[in-house]
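Please treat every number below as a calculation from the coordinates, not as lab data. All of these numbers come straight from a predicted model, not from anything done at the bench. Don't worry about glycine lacking a Cβ; one is built from the backbone with ideal geometry, like all the others, and counts go over all protein chains shown.
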Amino acid sequence: MLVPVETEITDRMSFPVHELVARRWSPKAFSARPVEPEKLRSLFEAARLAPSSYNEQPWRFIVATQGQGAEFERILSTLMEGNRQWAQHAPVLILSVATLIGERTGKPNRHAWHDLGQAIAYLTLQATELGLYVHQMGGFDVELARQRLQIPEGYEPVAVIALGYLDEAQGTSMPPRNRKAVEDLVFSGRWGQATEGF
Ligand SMILES: Cc1cc2nc3c(=O)[nH]c(=O)nc-3n(C[C@H](O)[C@H](O)[C@H](O)COP(=O)(O)O)c2cc1C
């Protein structure tokens, strides 16, 4: 369903977008409510279906739920303090990992990060559809994650993702969007050339 521009959730948007895109944001207040295993399965199914260069699917995920105790702590312990403070309350943490070497060529796959990000975007929109929220974090210790989670050579920890339901008791709602203007991002035909109302 397309969301018209004048609704509250599309605040400061210029053109209508899908409601899943409009509704998504990255909260810090997560409810303790566990995420149903079948919903987790759907999220990774969505990630799995993302496109990738030569269909290499250069994405891997390490998941831990609060209920897993030590496993959860292990991912949590790699986060920077500022992130750890709020992410400790999320019911699920995920470490995303890129496969750096192409299976086809045996050489570095320069699209691995691009493809992994795309898989996360799929996961995130599926999460939104299921009433879940995702908050991605680059603020973690990559080397610590590599050691503590036993990531083999040729794989790169990319982001930690907090996932869960919103803690509505904290009265959290989507903050105002802060985005560059589309004119500063999209050019016509060559770098820097303004588009003319396509
Ligand atoms: C790769 C990546 C790394 C991020 N790292 C952090 C982080 O370490 N800590 C944090 O609080 N938010 C982090 N964010 C969240 C962004 O700050 C957030 O997506 C951005 O401000 C836009 O807000 P929105 O997602 O609510 O629309 C990260 C997002 C991405 C995609």
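General observations
- Peptides 167-176, 15-24, 85-94 ordered by packing proxy, namely the average of other Cβ atoms within 10 Å per residue, highest first: 85-94, 15-24, 167-176.
- Length-normalised contact order for the chain - Cα pairs under 8 Å, 6+ apart - percent: 27
- The shape of region 95-193 can be summarised by an equivalent ellipsoid whose semi-axes, obtained from the alpha carbon gyration tensor, come to 28, 25, 13 Å from longest to shortest.
- Taken over region 26-168, the convex hull of the Cα atoms encloses 97 Å³ per residue.
- Listed by chain and number, the aspartates and glutamates placed with their C-alpha closer than 17 angstrom to that of Lys39 are Glu129; residues fewer than eight positions away on the same chain are left out.
- Farthest toward positive dipole pole in the chain [+1 Lys/Arg, -1 Asp/Glu at C-beta], among Ser31, Ala145, His18: Ala145
- The distance linking region 16-74 with region 112-150 is 7 Å (Cα centroid to Cα centroid, whole angstrom).
- Of the peptides 124-131, 189-196, 67-74, 45-52, the order by per-residue mean of other Cβ atoms within 10 Å, starting with the highest, comes out as 124-131, 45-52, 67-74, 189-196.
- The label-point distance for Glu129 and Leu100, in a model that sets each label 7 Å from Cα toward Cβ, rounds to 3.4 nm.
- Counting every other Cβ atom within 10 Å of each residue's Cβ, Asp184, Asp141, Asp115 order from fewest to most as Asp184, Asp141, Asp115.
- In terms of overall dimensions, the C-alpha atoms belonging to region 45-113 reach 40, 24, 18 Å along their principal axes, ordered largest to smallest.
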